[in-house]
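Undergrad: Here it is, the structure in full.
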Ligand SMILES: N[C@H](CCC[C@H](N)C(=O)O)C(=O)O
């Protein structure tokens, strides 16, 4: 089977995208692993299919490189950029993803502003947080994150009994001056560190808000810079951390690297 694909990177999180609106291909786990394989395939952290949707501009199907599915924040930003270049939208869009409908907007210089779904629940164990932003995220605040053993420590948490059977993504966050954090992420389903993780930096920004950060939080990742804007509405007593994060936006660049055909 010959397939035309688009290779995108969104702050270094990289993806193969296929316009699947007409052909409606389906892929086995083995085929997804092969497409994403860094030597035997195109190479990517994940594969995305853009499909028709009954009422929204498109349906987005995301697969991690191991074939598992979840919401991908950076991938959604890349898909919006591709959909725009395919003439499927004009600046703004509503599309469907793993966790439901999302709005997004194309800003100048290839920046994509993605609206995330509200977050009502955050939990804290010791000094660590767990927040699901459409995909599950464990967040640990550390010193000197650039020297931190992200894969070794991330794997331990990801496979720990606490997260069995589904597992979790794991974010290590260093607090910097000027309302900025530096985030490195071990990604479930890629089973390695990625250069950035969109849902992960959103979870890390919300955890930073619970430690006093204001919106927008500026985020450094190994793959580039992002920002996360949000509103927090408290519920219950003012001392509690109970409340809802809403109007959450993940903002950052997404770029076409190349396009081509692959034999599967
Ligand atoms: N690995 C994640 C999904 C992709 C998340 C990441 N690439 C992003 O940009 O949100 C999971 O299985 O939950």
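The values are calculated or read from the model by the stated rules, or taken from the named source; none is laboratory data. This one's a predicted model, so the numbers in the text were calculated from it and none came from an experiment. A quick note on method: Cβ atoms are made from the backbone with ideal geometry, for glycine too, and the neighbour counts reach across all protein chains shown.
Undergrad: Among the residues of the stretch 103-116, which ones are over 12 Å from residue 203 (Cα atoms) and either within 16 Å of the ligand (Cβ to nearest atom) or part of a strand (DSSP E or B) (or both)?
TA: Those that are over 12 Å from residue 203 (Cα atoms) and either within 16 Å of the ligand (Cβ to nearest atom) or part of a strand (DSSP E or B) (or both): 103, 104, 105, 106, 111, 112, 113, 114, 115.
Undergrad: Also, quick follow-up: I need a count of the residues in the stretch 30-51 that are within 16 Å of the ligand (Cβ to nearest atom), touching a residue at least 60 places away in the same chain (Cβ under 8 Å) and in a loop (DSSP other than H, G, I, E, B).
TA: 1
Undergrad: Tally up the residues in the stretch 184-197 that are more than 8 Å from the ligand (Cβ to nearest atom) and either crowded, with 24+ Cβ neighbours inside 10 Å or assigned to a loop (DSSP other than H, G, I, E, B) (or both), please.
TA: Of the residues in the stretch 184-197, 4 are more than 8 Å from the ligand (Cβ to nearest atom) and either crowded, with 24+ Cβ neighbours inside 10 Å or assigned to a loop (DSSP other than H, G, I, E, B) (or both).
Undergrad: Take residue 67 and decide whether it is in contact (Cβ under 8 Å) with a residue 12 or more places away in the chain, within 16 Å of the ligand (Cβ to nearest atom) and at positive phi.
TA: It is true that residue 67 is in contact (Cβ under 8 Å) with a residue 12 or more places away in the chain, within 16 Å of the ligand (Cβ to nearest atom) and at positive phi.
Undergrad: Mind checking whether some residue in the stretch 157-167 is buried (at least 18 other Cβ atoms within 10 Å of the Cβ), at negative phi and either touching a residue at least 40 places away in the same chain (Cβ under 8 Å) or not assigned by TED's automatic domain parsing to the domain that holds residue 72 (or both)?
TA: Checked against the condition, which is being buried (at least 18 other Cβ atoms within 10 Å of the Cβ), at negative phi and either touching a residue at least 40 places away in the same chain (Cβ under 8 Å) or not assigned by TED's automatic domain parsing to the domain that holds residue 72 (or both), the stretch 157-167 yields at least one hit.
Undergrad: Would you tally the residues in the stretch 82-117 being exposed (fewer than 13 other Cβ atoms within 10 Å of the Cβ) and either under 18 Å from residue 72 (Cβ atoms) or not assigned by TED's automatic domain parsing to the domain that holds residue 258 (or both)?
TA: Here the count works out to 1.
Undergrad: Mind listing just one residue for me: the one in the stretch 198-222 that is surrounded by fewer than 24 Cβ atoms within 10 Å (Cβ to Cβ) and in contact (Cβ under 8 Å) with a residue 40 or more places away in the chain and, of those, farthest from the chain's Cα centre (by Cα)?
TA: It comes out as 211.
Undergrad: Considering every residue within the stretch 73-88, establish whether at least one is in a loop (DSSP other than H, G, I, E, B), within 25 Å of residue 229 (Cα to Cα) and touching a residue at least 40 places away in the same chain (Cβ under 8 Å).
TA: no
Undergrad: Another question, then. Among the numbered criteria (1) over 23 Å from residue 202 (Cβ atoms); (2) out of contact with any strand residue (DSSP E or B) (no Cβ under 8 Å at 6 or more places or on another chain), which one does residue 100 miss?
TA: Of (1) over 23 Å from residue 202 (Cβ atoms); (2) out of contact with any strand residue (DSSP E or B) (no Cβ under 8 Å at 6 or more places or on another chain), only one is false for residue 100: (1).
Undergrad: Residue 255: surrounded by fewer than 16 Cβ atoms within 10 Å (Cβ to Cβ), under 22 Å from residue 109 (Cβ atoms) and away from the ligand (no atom under 11 Å from the Cβ), yes or no?
TA: Taking the combined requirement at face value, the residue satisfies it.
Undergrad: Of the conditions (1) more than 9 Å from the ligand (Cβ to nearest atom); (2) over 21 Å from residue 108 (Cα atoms), residue 15 clears all except one; give me its number.
TA: So residue 15 meets the others, but not (1).
Undergrad: Tell me, which residue of the stretch 17-29 that is outside any loop (DSSP other than H, G, I, E, B) and without any contact (Cβ under 8 Å) to a residue 60 or more places away in the chain is nearest to the chain's Cα centre (by Cα)?
TA: Among those that are outside any loop (DSSP other than H, G, I, E, B) and without any contact (Cβ under 8 Å) to a residue 60 or more places away in the chain, it is 18.
Undergrad: Regarding the stretch 123-145, can at least one residue be identified that is farther than 28 Å from residue 192 by Cα and assigned to a loop (DSSP other than H, G, I, E, B)?
TA: No: the stretch 123-145 contains no residue that is farther than 28 Å from residue 192 by Cα and assigned to a loop (DSSP other than H, G, I, E, B).
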